[in-house]
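Okay, so here's the structure we're looking at.
The values are calculated or read from the model by the stated rules, or taken from the named source; none is laboratory data. Bear in mind the structure is a predicted one, so any value in this text is a computation, not a measurement. Just so you know, the surface numbers come from the protein's heavy atoms only, side chains and all, with ligands and any DNA or RNA stripped out. Shrake-Rupley method; radii C 1.70, N 1.55, O 1.52, S 1.80 Å.
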Amino acid sequence: MRADSRRRLAAMGVDTWVRRGAGAGTAETAPPIGERSTESGREAGTPDRDGGPRVRLAPGDGRWLLVVDGAEADRHAALVDDVRGVLGTSQCRFARWADSDRSGVGLAELAGHGIQRVVSFTSDAVPAEVISAGPLSELARSPAARRELWSALRAHLEG
C-alpha cells in the first residue's frame, strides 16, 4: 500500500494491519482482510457450530461489514472507496470469510460487535441475510452489476 493511501486511511480513522516482510526488519502494510482465493460456487466461510458461516473481522467499528478478498480490494480500491462513501466511511469495517470453525465470528454474533448489515464482495454462496454483491472484478467491469448493487444498498439504507 502506498504511503499516501496509508496517510489518507489514518486521517479517516481506518486501521491498517502491518505484516512483517521477508527482508531484515522491513514491514509492509497488508490489506486488513488478508488474502483468500475466490473459487466460484464455494460456500462462504467455514460453518460455525450452528451451521452458519464465520468471518474474520479486521479491527475497526461500523455497522456495515464488507467481506472482501484482500487482493481484490487492492486492485479495485476506487470501487471499495465508492461503496464506503455511500455507506459512510466511519460506518464500514472489513472482514474475510473464516477458513476454520474455530476462528472468526459467526454471523449470529455480529450484532454484538455493532454490525447490522453484511455485504459480500466474493463469488461465494451466502446466506439470505448477507447482501451478495459479487466479486469486485465483476462490479468494476459491469455497469449492470453496479446498478444492481446500488439498488440493493439503497433498499437497506432507506429501510
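The ellipsoid equivalent to the alpha-carbon distribution of the range 109-159 has semi-axes of 21, 14, 8 angstrom, derived from the gyration tensor eigenvalues as √(5λ) and listed largest first.
Shown in residue order for the range 143-155 are the 3J(HN,Hα) couplings computed by the Karplus curve 6.51 cos²θ - 1.76 cosθ + 1.60 at θ = phi - 60°: x, 5, 5, 5, 4, 5, 4, 4, 5, 5, 5, 4, 4 Hz (x for Gly and Pro).
Can you tell me the accessible area per residue over the range 89-129, all protein chains present, probe 1.4 angstrom, in square angstrom?
Value for the range 89-129: 47 Å² per residue.
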